[in-house]
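Novice: First, the structure itself, so that you have it in front of you.
The values are calculated or read from the model by the stated rules, or taken from the named source; none is laboratory data. Small disclaimer: the values here were computed from a predicted structure and weren't measured. Using ideal geometry, Cβ is built from the backbone for each residue, glycine included, and neighbour counts are taken over all protein chains shown. Just the protein is used for accessible areas: all its heavy atoms, side chains included, with ligands, DNA and RNA removed. Shrake-Rupley method; radii C 1.70, N 1.55, O 1.52, S 1.80 Å.
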Amino acid sequence: MTGTPAVDRLATTLEGLRLKASLSLGQIEAFGKAQQPPVNLGKSKTSPWFTGKTVPAPGRPFRILVTLLEARAGVSTLGVGRWELMRKEAAGERRFPPVAASNTASSPTNSDTEVDVASESSPTTQVSSQTVPSPASPTETDRRKAGRLLDLLPPDGSWRTWLRKAPTLFTVPLAVSHPVCDAYEELDDDVLDYVNPALQEAHESAMEHLKAFYDELNGMHDVSDEGRPVLEMSYPGTTTERNNLNRQACQARDSFLRAYKNLVNLLNAQGLVPASGLGGEAVPQNTQGSGPDLGVELLAGCTLEDGRIIHIPIGLAGAENPQIFSEPYYLVVKAANRSTCEVQVDGVRMEIDYGVEVPALYTFAPAGPGGRAQLPFKLGSHASGHAHANAAELGNGFAAVARDRGRAAVPKRVRPVVWTGSGIDFFGSWTDLETLGPFLLKAMRGE
């Protein structure tokens, strides 16, 4: 899991409810498309919510999802209000702290936000030829409206970092397009204006440019079904026409980022931008020409009645209904390519920490379930791949070491590692034995 309690609690509760509701990600996506107006509940968007990789943004998609799951599960409901409290607590662990309640609090700047600081000695600040009133007692409604914007589109969020640095928009990661599109749909439905007229004028300009960029993104194709979690520029017929579409999208992007920066500068001058030492959610970075960038994750593989293997978080795999899943069980290491260059994964291993200086190693076999070749494998731009290890075999290996060396040799934690053809190691997060143990015991017992 993520190691952040509120995020883990939200993801575990959400995934448990989905399993009770017996709804697949595809069914959830279809339900969202059937709404009026349609709501984006695509697989690539909701899957990270169930695993704790990302925290849902506030707004209609999350509200509709939890309402659907509770209705289908037929269990006593928490209600949207309780779900929203869980979501806000998880979001607080991941990115911006809550907006300060004091009307007189000032906001230190963060060098990553690239916002201009209002001079304490000057009564006004000049931003894009607009005169900004001195930061004196903004209204509570303006504070709340600013909070909604900054929660949906944080200035130090990775969505903005990627857009600002991307040389082209032929492909846009869904982890970038989802926050932008969700923010437009949520903010466009906000009926309250800023009390401060300068803020309202800047907000309207930002929304106008956000809509133009939103329209460009909606004209692109979601190719996540092909294993690439990106939007891809359409092919209108000729290379020249496609280049023109890219130029148009880049112009819309640039105009929106300028309008957004002007608005954030105005909010900052009013003391409405909170200090933040936390970045936004991790998204694929444009690393063209700078080498591979792999994300590595440890999952559980569980066998269904029809023989298919599904991948789920290990914490859930240790407590699932035995009528749904059966042996054999697997440990799965998933590698996701976050760069634009092709990467070859040559090998996968687990590092097992026994509390000594050098961890023990377990190397995954080149052949996986059914003898099928699983290593090495190639990952194209923004693609993912995985390798399996028999969980019972690894669990019995832990037990053998404990028998040989005494109870003190019980492992404390494990982490997955993949290495590429160029010999570079990429490390996943540590998983403690408390989380992994129940799944390994289940695999060893054959339950």
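Novice: Inside region 261-311, can you point out the residues that are part of a loop (DSSP other than H, G, I, E, B), among the hydrophobic types (A, V, I, L, M, F, W, C) and modelled with pLDDT of 60 or more?
Specialist: Scanning region 261-311 gives Leu272, Val273, Ala275, Leu304.
Novice: Condition check: modelled with pLDDT under 85, of a type outside the set (A, V, I, L, M, F, W, C), open to solvent by 30 Å² or more (accessible area, probe 1.4 Å) and touching a helix residue (DSSP H, G or I) at 6+ places or on another chain (Cβ under 8 Å). Does Arg18 satisfy that?
Specialist: So Arg18 does not fit the description; no.
Novice: Right, something else. Look through region 350-364, keep the residues that are among the aliphatic types (A, V, I, L, M) and surrounded by 15 or more Cβ atoms within 10 Å (Cβ to Cβ), and return whichever of them is modelled with the lowest pLDDT.
Specialist: The qualifying residue modelled with the lowest pLDDT is Ala360.
Novice: How many residues are assigned to a helix (DSSP H, G or I) and either surrounded by fewer than 19 Cβ atoms within 10 Å (Cβ to Cβ) or not acidic (Asp, Glu) (or both) if we restrict to region 38-88?
Specialist: Qualifying residue count, region 38-88: 32.
Novice: Also: Please find, within region 416-434, the residue that is farthest from Ile314 (Cα to Cα) out of those that are in a strand (DSSP E or B) and within 20 Å of the chain's Cα centre (by Cα).
Specialist: The selected residue is Phe426.
Novice: Quick one: in region 167-194, of everything that is over 19 Å from the mean Cα position of the chain (by Cα) and over 17 Å from Met207 (Cα atoms), which residue is least open to solvent (accessible area, probe 1.4 Å)?
Specialist: Going through the qualifying residues, I end up with Leu169.
Novice: From the residues in region 318-338 that are surrounded by 16 or more Cβ atoms within 10 Å (Cβ to Cβ) and at pLDDT below 85, which one is nearest to Phe364 (Cα to Cα)?
Specialist: Once the filter is applied, the top-ranked residue is Pro328.
Novice: For region 226-249, give me each residue that is assigned to a loop (DSSP other than H, G, I, E, B) and charged (D, E, K, R).
Specialist: Within region 226-249, just Arg228 meets the criteria.
Novice: Kindly evaluate Thr12 against the criterion of being at pLDDT 85 or above and surrounded by fewer than 21 Cβ atoms within 10 Å (Cβ to Cβ).
Specialist: Taking the combined requirement at face value, the residue satisfies it.
Novice: Shifting gears a bit: Has region 121-140 got any residue that is open to solvent by 70 Å² or more (accessible area, probe 1.4 Å), modelled with pLDDT of 80 or more and closer than 28 Å to Ala198 by Cα?
Specialist: yes
Novice: Give region 31-48 a look and list any residue that's over 15 Å from Ser224 (Cβ atoms) and modelled with pLDDT of 85 or more, or say none.
Specialist: Residue satisfying the conditions is Phe31 alone.
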